[in-house]
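Below is one structure, written out as structure tokens; comments come after it.
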Amino acid sequence: MTFVTKLTLQSGDRAVLDDVVSTIATLVERKGAELKGPHPKPPRTLGVPQHKRTIGEGGSFSPWRYTVYTRTLEIVGHDAVARLVAERSFPDGVHVEVELEQIRPMGSA
């Protein structure tokens, strides 16, 4: 059975995100594991409303807007390398999600 480890990395700082992704790609390549990606997703611009008062009416300021950048990577097989990447520490501004999928060969039950 083969495992595919899918990493989804998000950050508001594209430079930091790209640096983390290139570090992961270099590490995986050096260890000889198969890497698919990085796959960039279109950036999302989000807005957060800002109210002038905490209660009652008082109007609001213009929304605070920020951009979130997303990259996905897939490590095929090489469980030890995937574990090494997933367990490392990441900068505070980078959010990481790890998803593990088991792939069974054709014809197996």
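Helix 14-31 versus the longest principal axis of the chain: what angle, 0 to 90°, nearest 10, using Cα atoms?
10 degrees
Starting from 0.36 nm per residue, how many nanometres of slack lie between V48 and S60 once their C-alpha separation is accounted for? All intermediate terms of the calculation are to be shown ahead of the outcome.
Values: separation 12, 0.36 × 12 = 4.32 nm, distance 1.11 nm.
Stretched out fully, the V48 to S60 stretch lengthens by 3.2 nm.
Taking the Cα centre as origin and putting +1 on Lys and Arg beta-carbons and -1 on Asp and Glu beta-carbons, what dipole magnitude results for the chain, to the nearest 20 debye? Intermediate results must be reported in sequence, preceding the final value.
Working: 14 positive and 13 negative charges, 55 e Å.
Roughly 260 debye, rounded to the nearest 20.
Rounded to the nearest 500 deg cm²/dmol, what is the calculated helix-only ellipticity per residue at 222 nm for the chain, with -39500 (n - 2.57) per DSSP H run of length n ≥ 4? Each step should come with its number before you reach the end.
Numbers: 2 runs with 27 residues, N = 109.
The helix contribution divided over the chain gives -8000 deg cm²/dmol.
Between E87 and L27, what is the label-point separation in nm under the 7 Å Cα-to-beta-carbon projection?
1.1 nm
In segment 2-103, how many lysine pairs have Cα atoms under 27 Å apart, counting only pairs 8 or more places apart or on different chains?
Numbers: K6/K31; K6/K36; K6/K41; K31/K41.
Within segment 2-103, the lysine pair count is 4.
Go through segment 17-82 and name the GluC sites (Glu not before Pro) that are in a DSSP coil and have 15 or fewer other Cβ atoms within 10 Å of their Cβ. Don't skip to the end; give the middle numbers.
Numbers: sites: E29, E34, E57, E74; in loops: E57.
When the GluC sites (Glu not before Pro) of segment 17-82 are filtered for loop state and at most 15 Cβ neighbours within 10 Å, E57 remain.
If the chain were replaced by its equivalent ellipsoid, with semi-axes equal to the square roots of 5 times the Cα gyration tensor eigenvalues, what would those be, largest first, whole Å?
On the way: eigenvalues 284, 53, 26 Å².
Ellipsoid semi-axes (Å, largest first): 38, 16, 11.
Coordinate-derived values only; no laboratory data. Computed from a predicted structure; not experimentally measured. Neighbour counts run over all protein chains shown; Cβ positions are idealised from the backbone, glycine included.
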